[in-house]
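Reviewing the structure listed below.
The values are calculated or read from the model by the stated rules, or taken from the named source; none is laboratory data. Since we're looking at a predicted model, the values are computed, not measured. We place every Cβ from the backbone using ideal geometry, glycine too, and count neighbours over all the protein chains shown.
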Amino acid sequence: MKVKGRVFKYGSDVDTDVIIPARYLNTTSEKELASHCMEDIDPTFIRNVKAGDIIVAEDNFGCGSSREHAPIAIKASGVALVIANSFARIFYRNAINIGLPILECPEAVAAIKNGDTVSCDLGSGTVTDETTGKSFTAEPFPPFIQEIISDGGLIKHISKVKA
């Protein structure tokens, strides 16, 4: 799977409360969650994000509460990939469960700037900053996890396997 998009870059400790504020957790509508994604850290995010865009962040992305709403809001907003130095463990697993591609690649995070255009081959873990021409290699997920993500998450994957 390959993705290419514009980068929205954030710092460390971006928690689930700024990814999707708790005041919006009374809905299960993905569209509604997406409409409030990142609004407490970046009020312009939802107006500017386009399908295929990429979030790049520093350490401990997705820390805080264990709500699945956070990766759902990101994915539903159109973000195709999140690259970070590290992820909170519960966010990491929730992202896989809902089919949001994520990669840990500190070298890419250090080099990529907000607004850059980045492409990524998720199968190989190759991240290329199209703006600067620099490439980086992240450890890709093993094939069975890539399949879960490609299928749209764990529930859709299980449904497909059972069919």
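Observations on the structure shown:
- Selected residue [modelled with pLDDT of 95 or more, within 27 Å of Ile158 (Cβ to Cβ) and of a type in the set (Ser, Thr, Tyr)] from Ser124, Ser119: Ser124
- In this structure, Leu33 does not qualify as surrounded by fewer than 19 Cβ atoms within 10 Å (Cβ to Cβ), more than 26 Å from Glu130 (Cα to Cα) and of a type in the set (A, V, I, L, M, F, W, C).
- Residues located in region 150-162, provided they are under 15 Å from the mean Cα position of the chain (by Cα) and in a helix (DSSP H, G or I): Ser150
- Members of region 120-134 found to be surrounded by 13 or more Cβ atoms within 10 Å (Cβ to Cβ) and not acidic (Asp, Glu), listed by number: Cys120, Leu122, Gly123, Gly125, Thr126, Val127, Thr128, Thr131, Thr132, Lys134
- Screening Ser65, Ser159 for residues that are under 27 Å from Asp42 (Cα atoms), among the hydroxyl-bearing types (Ser, Thr, Tyr) and at pLDDT below 95 leaves exactly one candidate, Ser65.
- Annotation: of all residues in region 1-27 being closer than 15 Å to Asp53 by Cα and not hydrophobic (A, V, I, L, M, F, W, C), the one that is modelled with the lowest pLDDT is Lys2.
- Residues in region 104-114 that are in contact (Cβ under 8 Å) with a residue 40 or more places away in the chain, within 16 Å of the chain's Cα centre (by Cα) and in a loop (DSSP other than H, G, I, E, B): Ile112, Asn114.
- Within region 9-60, tally of residues that are of a type in the set (Gly, Ala, Ser) and in a strand (DSSP E or B): 1
- Inspection of region 87-103 identifies no residue that is over 14 Å from the mean Cα position of the chain (by Cα), buried (at least 17 other Cβ atoms within 10 Å of the Cβ), part of a strand (DSSP E or B) and in contact (Cβ under 8 Å) with a residue 24 or more places away in the chain.
- Complete set of residues in region 135-149 that are buried (at least 17 other Cβ atoms within 10 Å of the Cβ) and outside any loop (DSSP other than H, G, I, E, B): Phe136, Ile148, Ile149
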